[in-house]
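Notes follow once the structure below has been shown.
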Amino acid sequence: SEFVLVGLSDAPEVRFLLFLLFLIIYLASMAGNITILVAISTDTRLHNPMYFLLANLSLLDILCPTITVPKMLEALLLENKVISFPGCMFQLFCLLDVVGTEIFLLVLMAYDRYVAICHPLQYMNIVSLKLCAHLAIGTWVAGFLNSLLHTTLIFTLSFCDSHEIDQYYCDIPPLLALSCSPTYSRELVILTIAGVLGSVAFVATLISYIYILLAILQMKSPESRHKAFSRCGSHLTVVCLFYGTTICTYVRPSSAYSPTRDRIVSMLYGILTPLLNPLIYSLRNKEVKCALSRVI
C-alpha cells in the first residue's frame, strides 16, 4: 500500500544543510521560470513563435522540480519518507510526462532557431504561431502517451519483498530493481522506446545546431559571430546535459543500475537544468530583459 523513499541522507546535520541548499535552488528556479512566463504573457511584443516555445519550456521547468523536490524537502526536514502506492504511481507518471514533453520541445526549439538563423527571410512563412501551437500541443500529447505506457508497464509488476525505493522520488530504475516479477520484457520495451525517441530527438536537435553553427561561421562581423557562438554554445550545453542525463537514466539495463549515480544524474536534469534554462535561454536575451523591466 506504500513505499519508503530512502532519500539523500539520515545524518541530522547533513539533512538540514541539504534542505537549505535544495530549498534555495528550488525557489530560485521557480522565481526565474515564473518571471519568464509573466514577462512573455504580458508583453505583446513577445507573442511570437520563439517566445511561445520558451514559455512552454518555462512551464515544464516549473513542473519538473515541483514533482520531486517538495517530497525530498519534506523527507529532509520532517523525516517523512513514506509515499502511498497511488502517490508513487502519480509522481512517476507526472515526471515521465514532463521529461518526455521537454525532450520533444527541445527539438522544436532547435528547429525554430535553425529557421530563424539560416532562413531569416522565410521565417514568418515557415514558422507561424499557429503551427508552433499545434506542434507544442503535439509534444504534450506525445509526452502524455509515452508516460502512460511506461507507468502502466511499471505498475503492473508485483512488489512483494522490500518496499524501500533507493531514490528520493519514484522512478523507473529503482522500481524495476524492487520488483519481484520478471522484468525482462518490460525492460526491453522501455529500452527500445526510450532509446529510439531519445536518440532521434537528440540527433534532430544536434543537426539543427550544426546548421546554425555553419551559418554563424559565414557571418562577416566578428562581434556577431562571437555573440551567436556564445548563445548557441550555451543552448547546446544545456541540451546535451538534459539529453545525456535522461538517456543515461532510462536507456540502460537494470543490471547497470547504481543508486548513488542515479541520484546525482537525476539532480542534473531534474533540478539543475530547470535552474539554468531561464538564465541561458531567456535572461540573456535583450527583448526578454526589456520585457522584465517593464513588468517590474
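Here is the result for region 98-188: no GluC sites (Glu not before Pro) lie in DSSP coil with at most 16 other C-beta atoms within 10 angstrom of their C-beta. Total lysine pairs in the chain at Cα distances under 23 Å, for residues eight or more apart or on different chains: 4. Picking from 20, 92, 268, which is most flexible by a Gaussian network model of the chain using Cα springs under 10 Å? Looking only at 20, 92, 268, the biggest GNM fluctuation is shown by 20. Using a Gaussian network model of the chain with C-alpha springs under 10 Å, which one of 198, 87, 143 is most mobile by mean-square fluctuation? Its mean-square fluctuation being the largest, the pick is 87.
For region 170-296, the calculated P(r), taken from all Cα-Cα distances in 10 Å bins from zero up to the bin holding the longest distance, is 11, 30, 29, 18, 10, 3, 0 percent. Here's how it looks for residue 165: its modeled amide H is under 5 Å from those of 4, 5, 6, which are all 5 or more places away or on a different chain. Taking Cβ atoms as reference points and 15 Å as the exclusive limit, the residues near residue 169 contribute a net charge of -4, counting Lys and Arg as +1 and Asp and Glu as -1.
GNM on the chain, alpha-carbon springs under 10 angstrom: the most fluctuating residue among 128, 234, 208 is 128.
The Cβ shell under 14 Å around residue 245 holds other residues with a net charge of 0, Lys and Arg each +1, Asp and Glu each -1. Shown here for region 88-137: chymotrypsin sites (Phe, Trp or Tyr not before Pro) in loop regions (DSSP other than H, G, I, E, B) with at most 13 other Cβ atoms within 10 Å, of which there are none.
Given bins 10 angstrom wide, list per bin the percent of all Cα-Cα distances in region 214-267, short to long. Here the calculated profile for region 214-267 is 21, 33, 18, 17, 10, 0. Charge tally for residue 80 (other residues, Cβ to Cβ under 10 Å; Lys, Arg +1; Asp, Glu -1): 0. What you get for region 2-293, charging only the Cβ of Lys and Arg (+1) and of Asp and Glu (-1), is a dipole of about 1240 debye around the Cα centre.
Once you reduce region 1-43 and region 121-168 to the center of their Cα atoms, the two points are 22 Å from each other.
Taking all Cα-Cα distances within the chain, those exceeding 30 Å account for 35%. Residues in region 162-174 carry Karplus couplings, in order, of 7, 10, 8, 8, 7, 6, 8, 7, 7, 9, 4, x, x Hz; the curve used is 6.51 cos²θ - 1.76 cosθ + 1.60 with θ = phi - 60°, and Gly or Pro positions show x.
Only the coordinates and a few stated rules stand behind these numbers; no lab work does. Keep in mind it's a predicted model, so treat the numbers as computed, not measured. Cβ sites come from the backbone with ideal geometry, for glycine too, and all protein chains shown count toward neighbours.
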